[in-house]
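This report concerns only the one structure given below.
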Ligand code: ADP
Ligand code: ADP
Ligand code: ZN
């Protein structure tokens with residue numbers, strides 16, 4: 001099963017992708033996570049990506065297409081994969097289509113999570129992530145038992161540099177201008193499902209399981 005998650009920043013893509021990985025084993029491929037790791041490691045790619053990310057802008061297509069090309073060739077993607085945060089432009093979607101043709105596979109389902117902007121601001125500004133295992137939390141909606149400490153692995157929680165209100169507004173603008181149209185792009189394929197992302201995490205997951213179970 002090859003899945004794509006679409007939706008604005010904070011819609012729950014990473015949260016839901018992690019739940020699918022946990023239950024079904026398909027690897028979660030998050031271009032945001034891969035880029036943040038490259039920034040942390042100060043690789044050439046990370047140094048190039050950082051200023052775009054800090055400004056809430058998209059990293060150039062060729063960079064993220066290169067990441068996805070490398071990652072989808074890994075053996076663990078043969079059983080299926082979940083794309084979280086890619087594609088974000090029509091050019092990325094087209095490049096993905098060509099790559100999947102070459103690999104002899106396709107996307108089975110595109111899940112587009114819809115959430116209103118004022119709710120997204122609350123989600124993003126309260127988001128915390130584990131430094132060690134990547135588990136996501138929210139200071140109000142899904143707080144860890146012990147403040148600042150991951151309930152899963154004991155790692156330290158941090159707030160992303162781009163989850164401040166100013167950069168969040170810019171990311172919404174970029175989403176509307178460059179990514180929102182991917183809903184239309186994929187809805188022509190019949191494999192596209194838009195779902196209400198405002199319900200609770202488990203309720204949204206239940207809907208997703210209904211959809212992928214039927215696919
Ligand atoms: P995305 O990957 O789409 O940017 P995340 O999955 O990181 O979004 O979720 C953003 C924040 O909102 C996180 O703090 C997460 O814990 C919280 N969150 C995710 N889904 C829900 C939900 N259905 N209800 C309430 N909070 C949620
Ligand atoms: P979000 O919580 O907004 O869904 P991500 O972790 O997916 O955040 O992405 C964080 C940042 O990484 C983006 O604002 C952008 O700068 C960069 N990025 C991630 N994925 C892509 C992509 N597919 N194309 C271009 N830039 C990307
Ligand atoms: Zn952890």
**Asked** How many residues are closer than 18 Å to residue 7 by Cα and within 11 Å of ligand 2 (Cβ to nearest atom) if we restrict to the range 131-172?
**Response** 8
**Fill in**
Residues of the range 3-13 being within 10 Å of the chain's Cα centre (by Cα) and either assigned to a strand (DSSP E or B) or within 21 Å of residue 74 (Cβ to Cβ) (or both), in sequence order, are 4, 5, 6, 13
**Message:** Among the residues of the range 40-60, what is the count of those that are exposed (fewer than 15 other Cβ atoms within 10 Å of the Cβ), within 12 Å of ligand 2 (Cβ to nearest atom) and part of a loop (DSSP other than H, G, I, E, B)?
**Reply:** 2
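Kindly evaluate residue 132 against the criterion of being in contact (Cβ under 8 Å) with a residue 24 or more places away in the chain, within 16 Å of ligand 3 (Cβ to nearest atom) and not in a helix (DSSP H, G or I).
So residue 132 passes the test.
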**Prompt:** Could you say whether any residue in the range 94-107 is under 29 Å from residue 125 (Cα atoms), free of Cβ contacts under 8 Å to residues at least 60 places away in the same chain and either within 14 Å of ligand 1 (Cβ to nearest atom) or part of a helix (DSSP H, G or I) (or both)?
**Reply:** no
**Message:** Being within 13 Å of ligand 2 (Cβ to nearest atom), in a helix (DSSP H, G or I) and in contact with a helix residue (DSSP H, G or I) (Cβ under 9 Å, 6 or more places away or on another chain) is the filter here; which residues of the range 14-39 pass it?
**Reply:** 14, 15, 16, 31, 32, 33, 34, 35, 36, 37, 38, 39
**Prompt:** Any residue at all in the range 28-38 that is surrounded by fewer than 18 Cβ atoms within 10 Å (Cβ to Cβ) and touching a residue at least 12 places away in the same chain (Cβ under 8 Å)?
**Reply:** yes
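Taking the conditions exactly as written (out of contact with any strand residue (DSSP E or B) (no Cβ under 6 Å at 6 or more places or on another chain), without any contact (Cβ under 8 Å) to a residue 12 or more places away in the chain and buried (at least 16 other Cβ atoms within 10 Å of the Cβ)), does residue 78 satisfy them or not?
Working: out of contact with any strand residue (DSSP E or B) (no Cβ under 6 Å at 6 or more places or on another chain): yes; without any contact (Cβ under 8 Å) to a residue 12 or more places away in the chain: yes; buried (at least 16 other Cβ atoms within 10 Å of the Cβ): no.
It is false that residue 78 is out of contact with any strand residue (DSSP E or B) (no Cβ under 6 Å at 6 or more places or on another chain), without any contact (Cβ under 8 Å) to a residue 12 or more places away in the chain and buried (at least 16 other Cβ atoms within 10 Å of the Cβ).
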**Request:** Among the residues of the range 170-215, count how many are outside any loop (DSSP other than H, G, I, E, B) and either in contact with a helix residue (DSSP H, G or I) (Cβ under 7 Å, 6 or more places away or on another chain) or surrounded by 13 or more Cβ atoms within 10 Å (Cβ to Cβ) (or both).
**Result:** 24
**Message:** For the condition touching a helix residue (DSSP H, G or I) at 6+ places or on another chain (Cβ under 7 Å), in contact (Cβ under 8 Å) with a residue 40 or more places away in the chain and within 24 Å of residue 175 (Cβ to Cβ), what is the one hit in 83, 58?
**Reply:** 58
**Request:** Give the residue, chosen from 123, 171, 127, that is within 16 Å of the chain's Cα centre (by Cα), within 16 Å of ligand 3 (Cβ to nearest atom) and modelled with pLDDT of 95 or more.
**Result:** 127
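The values are calculated or read from the model by the stated rules, or taken from the named source; none is laboratory data. These numbers come from a predicted model, not from an experiment. In this analysis, Cβ positions are derived from the backbone assuming ideal geometry, glycine residues included, and neighbour counts consider all displayed protein chains.
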